[in-house]
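For reference, the structure discussed in these notes is given below.
The values are calculated or read from the model by the stated rules, or taken from the named source; none is laboratory data. None of the values given here were measured: they were computed from a predicted structure. Here the Cβ positions follow ideal geometry from the backbone for every residue, glycine too, while neighbour counts run over all protein chains shown. For accessibility, only protein heavy atoms count, side chains too; no ligands or nucleic acids. Shrake-Rupley method; radii C 1.70, N 1.55, O 1.52, S 1.80 Å.
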Amino acid sequence: MDFKALFTQLSVVYAKLTKQQKAIIAFAVVGIVAFLIFLVTYTSKNTALNKYVVLFDSLSSQDAAKVVEQLEKDQIPYELDANNVVKVPRDVVYKERIAIASLGIPKDNVVGFELFDSQEFGATKFDQDVKYLRALEGELSRTINVLAPIKNASVSLALPKETLFVSKQSEPTASVMVELEDDRTLSNKQVRGIKNLVAAAVPKLLPKNVMIVSSDGITLGDEDEMAQMGELSVVQQRYKTKEEAKLRNKIVEVIAPFVGGKDKVVAQVSIDYDFSIKSSTSEKYDPENVVRSEQVSEEKREGSTPQAVGGVPGTVSNIGPVEGLKSNKTTEKYSKNTGTTNYEVGKIVSTVKSQFARIKRITAAVLVDGKYKYKLDDAGENTGEMVYSPLDAADINALTSLASRSIGIDTDRGDQISVQNLQFERKAADPNKTQVKEVVDFAQTYLAPFAEVFKYLFVLLLLFMLYKKVIVPFADKMLEVSKEEEELEAPSFDMTDDEDDDLVEKVQTMRKKVEDQLGISANLDEDELKHEVLLEKVRAMAEDEPENVASLLQALLSEEAEVPTK
C-alpha cells in the first residue's frame, strides 16, 4: 500500500473542503480520540484497582511493619494505604495470608485463658493470680469487641485481696475503655449491657462500680437515671402516637365506605394516658364468723359424808354404830361442765398493680365531605357541572355513632367526639404532572434495574451515530472527490465500436445525401470523419456542462505545467 500517495490524496481532498466541513471533521477526530483515551484510561484504572486487593487491614504499627518485612522477604509487591491497610496482587493474596498467619503475624495483643494452656514449673500463687487477672481481662475485652459500634476495647480489673475482717473488705472495681467506629455511638442500653456483662463475670462486682470511658476521654453512663427517664419518656410518647394512629385508622375505615373513599374523611384522635405505676393492697373481712377452735371441760364427782356419832356417853357412843343397825349417812353428788369456743373473722387480701398506661380521656375530631351531584337544567338534562350538597342531620348522627363505637368512646369517663360536615377543596389534576409521575414510576420500576446495560448500549449508540453521521459522509465525500479527480486526470470519451460505426454510418449517409442533393462528390476520409464527430461531441458537452469542461482543461494545463522539460 502506497501511504505517500494516500496521504497526498487525503491532503488534496482536505484542501478542497469548506471551512464548515473542516470544522466538523476536526471535531469528530478530536471526539473520537478523546473517547478512545477515556476508554483506555478507565480500563487501565480499573485494571490497576482490581490488581491489588486487601491482605490485612486495621493493623497496628508493629504488626504492619512485620507484614511488610515478610512481604519484602518473599519478594511480593505490595501497597500500604492509610490506617495500615496492606494490599497485594490478587493472585497471591490467599497464599500470603496463610503464610503470614502461620508465622503468628499479625499478633493478637489480647490474651485470654489460653495462658493456662502451658504450665510453668515453679510458678508461685502470685504468678497464677496475675495470669488469671490477665486472662479474665482479655476474655472480657474480646467479648466487648464483638459489639457492632465498638472498634476496640480494653478492660482493667481491680480485685482486692480477701481478708478475714469484714470491716476492711473492699468491693472490686473495673474500668472499660472503648474505641468506637466512625460515626457510631453507644446507646444507654448498650452502656448498661456492658456494665452488667463485666459485673456478671467478676465475683462481688456491682454494675455501679464499672466505669466506661470512650477513646475521647468521655465517661459513658454517668447520667444513667436521667437517661432511663428520657428513654421511658420516648417509649411513652411512641406508645401514645401508635395508639392514636390505630384509633384514627379505625375511624377512617369505618366511615370511608359511606362517604365515598378515604380521601373524603379526615380524623384526629388524642388520648390522655396515666403512665404512673401504682400498686395497691386491700383487705376484705367476711361478715360470717368461722369457728377456729373449741374447748369443752366436764367435771363430775360422787361420794358420802361420815355419820357423826352422838348421844348419851357410854359404850355405844364410843364404839360407833353397830353393824346391822340402820345407818343415818347421806350421799353426795358433784357435776361441772365448762366450754370455750374461739371464732375467727375471715378476710381476703388482694394486691393490684396498675397497667402500663391507663386511659384517662379520649377526644376525637372527624371531618367528612358531603355529596356531589350533577346539576340538571330546567328540562332535566345533565349539564355536566358538579353541585355540592351537605349531609343531613341523620347521616351525621349515624356517622357519629359508628365512630364512637369503633374507638370505644365512654361518656362516663369524659370522652368526647365531634363529627362535622364540610366541603373539601378539590384541585384539578394536572395531566402533565400525572404523565410525568407515571413515566418516572415506570422508569424506576422497569428501567432502573438495567441501568448498567443501558450505559453500554448508549455508548454503542453514540459510536454508531458518530459512524453514520460523520465517518460515512466523510468517506463518501472522499470517494466522490477522488472519482472527480480521476475523471479530471484521465478523461476519456471512450465509445464502443458499435456506437462509432453507427455514428459514422449515419454521418456518412447524411453527408452523402446532402452532397448528392447539392451535386458535390468527394472522397471521404474516415479519420477526418471521426475527428469531426469527436469535435461535435466535445462541443455539445461544452454547451451542456461548461463547468466540467473548464475543470478538465484546468487539470490538463496543470499536468502540462508539472511535466519537466528535457
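Here Ala428 passes the criteria (1) modelled with pLDDT under 75; (2) open to solvent by 60 Å² or more (accessible area, probe 1.4 Å); (3) touching a Ser or Thr at 6+ places or on another chain (Cβ under 8 Å) except the one numbered (3).
Is it the case that some residue within segment 35-47 is at pLDDT 80 or above and of a type in the set (A, V, I, L, M)? The answer is yes, given that some residue of segment 35-47 is at pLDDT 80 or above and of a type in the set (A, V, I, L, M). Residue count for segment 333-378 satisfying the condition of being exposed (fewer than 10 other Cβ atoms within 10 Å of the Cβ) and closer than 30 Å to Leu422 by Cα: 2.
What are the residues in segment 151-185 that are hydrophobic (A, V, I, L, M, F, W, C) and at pLDDT 85 or above, if any? Correct list: Ala153, Val155, Leu157, Ala158, Leu159, Ala174, Val176, Met177, Val178, Leu180.
Is it the case that segment 217-229 has a residue that's in contact with a Ser or Thr (Cβ under 8 Å, 6 or more places away or on another chain) and in contact (Cβ under 8 Å) with a residue 12 or more places away in the chain? Outline the logic, then answer.
Residues of segment 217-229 that are in contact with a Ser or Thr (Cβ under 8 Å, 6 or more places away or on another chain), as a first pass: 220.
Cutting the leftovers down to in contact (Cβ under 8 Å) with a residue 12 or more places away in the chain gives us 220.
Within segment 217-229, one or more residues are in contact with a Ser or Thr (Cβ under 8 Å, 6 or more places away or on another chain) and in contact (Cβ under 8 Å) with a residue 12 or more places away in the chain.
Scan segment 91-121 residue by residue and report those that are open to solvent by less than 70 Å² (accessible area, probe 1.4 Å) and modelled with pLDDT of 75 or more. Result: Val92, Val93, Glu96, Ala99, Ile100, Ala101. Filter segment 196-211 down to residues that are within 20 Å of Pro149 (Cα to Cα) and either at pLDDT below 90 or open to solvent by 50 Å² or more (accessible area, probe 1.4 Å) (or both), then give me how many there are. Selection size over segment 196-211: 3. Check segment 294-308 and report whether any residue there is of a type in the set (Asp, Glu), surrounded by 10 or more Cβ atoms within 10 Å (Cβ to Cβ), at pLDDT below 85 and farther than 26 Å from Tyr239 by Cβ. The answer is yes; a qualifying residue exists.
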